[in-house]
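Trainee: Structure provided below as structure tokens; questions to follow.
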Amino acid sequence: MKQQIERFDMKRPPIRTRWFLRPLTYLLSVPEVLTHRARIRRIRADGLKPPYVLLCNHNAFLDFKVATKAIWPHRANYVVAIDGFIGREELLRQVGCICKRKFTSDITLVRQLKRVVQNGDVAMIYPEARYSLCGTTAVLPASLGKLCKLLGVPVVTLICHGHHIDSPFWNLHKRGVRPTEAELTVLFTPEELKAASADEVNARIVEAFQYDEYAWQKARGIRVTYPKRAEGLEKVLYQCPACQTEFQMASEGTHLFCKACKKRWELTELGELRAEQGETEFSHIPDWYEWERKNVRREVDAGTYDSGELPVTVRSLPNAKRFLLLGEGTLRHTMNGFTVRGTDADGDPFCMEKSVPSMYSCHIEYEYLGKFGDCVDLNTLEDTWYIYPHDCAFSVTKMALATEELYFADREKAGHPCKPGLA
Ligand SMILES: [Zn+2]
């Protein structure tokens, strides 16, 4: 059955945004950019003209709109994951999107980006490859420096602030944050790029990408008065710092609480957590998240990390038309990576294995499309599987953290210590 399914054509060359769509992309972006009174600061960018590479941080859909304004009137090709193409492949191709399956290495993409630069356009890349889970920098691929040197055009970063606070990944309801801010910075001119090593380029990019949305919120004194502002936070903060229990956190209104020990925290208007009684273990959300990471790393170092065998529903995305229900199965994430097995509607078995060295990070979704729940996204070059655990205690956030920590531990064991921020 699987051989007959049409696959997304990843090799079709990128299209330069059609002239009649360019004003449209701008007009679609302007209202929201105005609503948020987005301020764009330009640093070392006098006389900047395409072609160049634009590396952007990724927190919400608003990122694309601010980027469109930042580069206007020039045109760009955007690297977009396949799920962004669902039901609108032709339109996205016409405005210049290039498709990629997340966290796969893909030489076709390098060829596509070369073409963009030869066309004299902006190659827009979101190297974190997923929305940030709690408004801090996600791991960047170590291949970035090499890619930039290969393209040989100016390397520019666009770092936006306020987009996660406005619409956090764990609860997308828009909070109406304004003003938002962005910095467009020329990191390397072509001459500077030539003089720097790939490692130096990487180091500068990682440095430029350091951001912390909650610190930004506090520094700017931005208040979020949304009465359900804490709802969904347990997706990221899945472990209780008071009793250490996992997967028992919950939220309601402005509160986060642990169902095991009943401890409660309030999320203030300024985005800080405050324990209702006793010690506030972490007032800063990213600190709590990094504490969870350390606990996962401890399991990895002890060789005991194991999600257990979880019942799952698997939906696949061979092309960009729609998700196909592949079937029921099991997911297990261990010291050896991910294993998914199941049986499809025809009674044929399906299986995907992703080893630890094959993935430096992992894309997850919370309450995907508002109806399917939390999932892990695993990819081969030909297929994309969205895997939804059900009827069990689990956290996709923990699996994402474990993917990174397993990868780092593996690299370190092989004598390649990972540099902070880089895979
Ligand atoms: Zn607890």
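The values are calculated or read from the model by the stated rules, or taken from the named source; none is laboratory data. All values reported here derive from a predicted model rather than from experimental measurement. Neighbour counts are summed over all protein chains in view; Cβ atoms, including those assigned to glycine, are modelled from backbone coordinates with ideal geometry.
Trainee: Of all residues in the range 101-124, count the ones that are in contact with a strand residue (DSSP E or B) (Cβ under 9 Å, 6 or more places away or on another chain) and either closer than 23 Å to residue 408 by Cβ or in the same structural domain as residue 273 (by TED's automatic domain parsing) (or both).
Mentor: 5
Trainee: Which residues, counting only those in the range 175-218, are in contact with a strand residue (DSSP E or B) (Cβ under 7 Å, 6 or more places away or on another chain), acidic (Asp, Glu) and over 30 Å from residue 253 (Cα atoms)?
Mentor: 183
Trainee: Next question. What pairs can you find where one residue is in the range 391-406 and assigned to a loop (DSSP other than H, G, I, E, B), the other is of a type in the set (S, T, N, Q) and buried (at least 21 other Cβ atoms within 10 Å of the Cβ), and their Cβ atoms are less than 9 Å apart, with a gap of 6+ or different chains?
Mentor: Cβ pairs passing all conditions: 395/239.
Trainee: Being hydroxyl-bearing (Ser, Thr, Tyr) and either surrounded by fewer than 20 Cβ atoms within 10 Å (Cβ to Cβ) or not in a loop (DSSP other than H, G, I, E, B) (or both) is the filter here; which residues of the range 121-136 pass it? Write out each step before concluding.
Mentor: Keep residues of the range 121-136 that are hydroxyl-bearing (Ser, Thr, Tyr), which gives 126, 131-132, 136.
Within the range 121-136, just 136 meets the criteria.
Trainee: What are the residue pairs meeting all of these: first residue in the range 236-257, first residue polar (S, T, N, Q), second residue more than 11 Å from the ligand (Cβ to nearest atom) and part of a strand (DSSP E or B), Cβ atoms under 7 Å, and 6 or more apart or on different chains?
Mentor: If the second residue must be more than 11 Å from the ligand (Cβ to nearest atom) and part of a strand (DSSP E or B), the pairs left are 254/266; 254/267.
Trainee: Checking residue 175 against (1) within 29 Å of residue 365 (Cα to Cα); (2) more than 23 Å from the chain's Cα centre (by Cα): exactly one of these is not met. Which one?
Mentor: Going through (1) within 29 Å of residue 365 (Cα to Cα); (2) more than 23 Å from the chain's Cα centre (by Cα) one by one, residue 175 breaks only (2).
Trainee: Which residues, taken from the range 184-206, are surrounded by fewer than 17 Cβ atoms within 10 Å (Cβ to Cβ), within 19 Å of residue 420 (Cα to Cα) and polar (S, T, N, Q)?
Mentor: Within the range 184-206, 197 is the sole residue that qualifies.
Trainee: Let me ask something else about it. Do the conditions hold for residue 98, that is, is it β-branched (Val, Ile, Thr) and without any contact (Cβ under 8 Å) to a residue 24 or more places away in the chain?
Mentor: Working: β-branched (Val, Ile, Thr): yes; without any contact (Cβ under 8 Å) to a residue 24 or more places away in the chain: no.
For residue 98, the condition - β-branched (Val, Ile, Thr) and without any contact (Cβ under 8 Å) to a residue 24 or more places away in the chain - is not met.
Trainee: Quick check on the range 138-157: of everything there that is modelled with pLDDT under 95 and assigned to a loop (DSSP other than H, G, I, E, B), which residue is surrounded by the fewest Cβ atoms within 10 Å (Cβ to Cβ)?
Mentor: Per the stated criteria, the residue is 143.
Trainee: Mind listing whichever residues of the range 93-126 are aromatic (Phe, Trp, Tyr) and modelled with pLDDT under 80? Spell out how you get there, then give the answer.
Mentor: First, pick out the residues of the range 93-126 that are aromatic (Phe, Trp, Tyr): 103, 126.
Listed by number, the list holds a single entry, 103.
Trainee: Need at least 3 residues that are buried (at least 18 other Cβ atoms within 10 Å of the Cβ) and hydroxyl-bearing (Ser, Thr, Tyr) per element, so show me which strands (runs of 3 or more DSSP E) inside the range 1-109 make the cut, counting only ones lying wholly within it.
Mentor: none
Trainee: Given the conditions (1) out of contact with any Ser or Thr (no Cβ under 8 Å at 6 or more places or on another chain); (2) of a type outside the set (Val, Ile, Thr); (3) surrounded by 21 or more Cβ atoms within 10 Å (Cβ to Cβ), which single one is not true for residue 160?
Mentor: (1)
Yes/no per residue for (1) within 21 Å of residue 128 (Cβ to Cβ); (2) of a type in the set (S, T, N, Q); (3) loosely packed, with under 15 Cβ neighbours inside 10 Å; (4) over 21 Å from the mean Cα position of the chain (by Cα):
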residue	(1), (2), (3), (4)
303	no, no, yes, yes
316	no, yes, no, no
357	yes, no, yes, no
371	no, no, yes, no
380	no, yes, yes, no
388	no, no, no, no
398	yes, no, no, no
403	yes, yes, no, no
